[in-house]
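*Asks:* I am attaching a structure below and will ask some questions about it afterwards.
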């Protein structure tokens, strides 16, 4: 029998879900050198794998906006997590780039609804004035995926001499999490009758600005993120054994950043926290324009911390505008926009970049310039969102 769960239990379970979901996505990028050698494809094609994952998540988001509110949150999370586990195991059976692409498509299809329904359930059980803090705690799953998950994945692949080893480990973690959720995850407190049509979501002006901010943020980040490991390995000369430590340091910085900015968003608003995060992220762009600038580890840490901090600010802003009966649909729409931007960015990075005879990537400075431009667009959209929400509050007061 399912037992009642406290909000704290839900936060822990959702953080664990974030961990396995994001690790499944993140660990393939630093493993690209090992995977490319094993499956005999060009390492720059990592953008294809990222795009396959996010494009399928985009399809799941389109369906989720229309249908997710019609199903109990708990049931959606559990079914989607089982699908995610099976898709992760399917990746281990890949013998070519095309086989791995299809496995990543299945992973994206299952992962997106799990996160959308899970975040909606979290918002259901969390008081409005504590949501920024709660989302920040859930996003520790992201930081832990970078601090512990990615370095461990790299080490497992090295120790066992097989790029598939991290996927077996991750599938086992998903199985344990599924059992914990089945036992402890509560049903949603929101009654799902009389749901508004999904098309009404887009009529909400604040939500439009929130989606623009999210799309701009993810597009700017994922022009660079899929190629980050390649760039630091080949262009900046970071040794392969040190890559796991670099990700661990970046993850620790991201962990501290999301905790601090999550609390700041609750106290002072998302605009201030997003502004601080964006400033840190812009400093992390420096090596892409000036590869000789040292120390490279510092700029990697700034990039990871700034990107994570901006994400928590966006998540808090979007969670704050979602009505109870629309939360799963809003989270699905958010994932849809995010995945669309990430897909286009990953494909564009693969199309623009070239690898010379020494393995160095050519064209990263161009992508960095575009990323900075879209970071500015993100800041503008967040400012407009803030203005719209203040206007609505003034209207309600009058």
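The values are calculated or read from the model by the stated rules, or taken from the named source; none is laboratory data. Because the structure is predicted, anything quoted here is derived from the model rather than measured. Counting neighbours? That spans all protein chains shown, and the Cβs are built from the backbone with ideal geometry, glycine included.
*Asks:* Among (1) modelled with pLDDT of 80 or more; (2) surrounded by 21 or more Cβ atoms within 10 Å (Cβ to Cβ); (3) in contact with a helix residue (DSSP H, G or I) (Cβ under 6 Å, 6 or more places away or on another chain), there is one condition residue 36 misses while meeting the rest; what is its number?
*Replies:* (2)
*Asks:* Restricting to segment 142-152, name every residue that is at pLDDT 75 or above and surrounded by 24 or more Cβ atoms within 10 Å (Cβ to Cβ).
*Replies:* Listed by number, the residues that qualify are 145, 149, 150.
*Asks:* Out of all the residues in segment 153-164, which are buried (at least 19 other Cβ atoms within 10 Å of the Cβ), part of a helix (DSSP H, G or I) and either over 21 Å from the mean Cα position of the chain (by Cα) or without any contact (Cβ under 8 Å) to a residue 40 or more places away in the chain (or both)?
*Replies:* 156, 157
*Asks:* Looking at the structure I just gave you, is residue 62 under 20 Å from the mean Cα position of the chain (by Cα) and modelled with pLDDT of 90 or more?
*Replies:* Against the criterion (under 20 Å from the mean Cα position of the chain (by Cα) and modelled with pLDDT of 90 or more), residue 62 does not qualify.
*Asks:* What's the number of the condition residue 293 fails, among (1) surrounded by 16 or more Cβ atoms within 10 Å (Cβ to Cβ); (2) not in a helix (DSSP H, G or I)?
*Replies:* Residue 293 satisfies every listed condition except (1).
*Asks:* Same structure again: All but one of (1) more than 27 Å from residue 262 (Cα to Cα); (2) modelled with pLDDT under 85 hold for residue 157, so report the exception by its number.
*Replies:* With respect to (1) more than 27 Å from residue 262 (Cα to Cα); (2) modelled with pLDDT under 85, residue 157 is out only on (2).
*Asks:* Would you check if residue 179 is modelled with pLDDT under 85 and surrounded by fewer than 24 Cβ atoms within 10 Å (Cβ to Cβ)?
*Replies:* In short, no.
*Asks:* Something else: Any idea which residue in segment 348-362 is farthest from residue 286 (Cα to Cα), counting only those that are exposed (fewer than 15 other Cβ atoms within 10 Å of the Cβ) and under 27 Å from the mean Cα position of the chain (by Cα)?
*Replies:* 351
*Asks:* Additional query: If residue 28 meets every condition in (1) buried (at least 22 other Cβ atoms within 10 Å of the Cβ); (2) in a helix (DSSP H, G or I) apart from one, which number is that one?
*Replies:* Looking at each condition in turn, residue 28 falls short on (2).
*Asks:* In segment 265-285, is there at least one residue being crowded, with 24+ Cβ neighbours inside 10 Å and modelled with pLDDT under 80?
*Replies:* Yes, the conditions are met somewhere in segment 265-285.
*Asks:* Answer yes or no: is there a residue in segment 233-256 that is on the phi > 0 side of the Ramachandran plot and either touching a strand residue (DSSP E or B) at 6+ places or on another chain (Cβ under 7 Å) or at pLDDT below 85 (or both).
*Replies:* Yes; the residues of segment 233-256 include at least one that is on the phi > 0 side of the Ramachandran plot and either touching a strand residue (DSSP E or B) at 6+ places or on another chain (Cβ under 7 Å) or at pLDDT below 85 (or both).
*Asks:* Checking the structure you have, find out if any residue of segment 75-95 is modelled with pLDDT under 75, more than 21 Å from residue 342 (Cα to Cα) and crowded, with 24+ Cβ neighbours inside 10 Å.
*Replies:* Scanning segment 75-95 turns up no residue that is modelled with pLDDT under 75, more than 21 Å from residue 342 (Cα to Cα) and crowded, with 24+ Cβ neighbours inside 10 Å.
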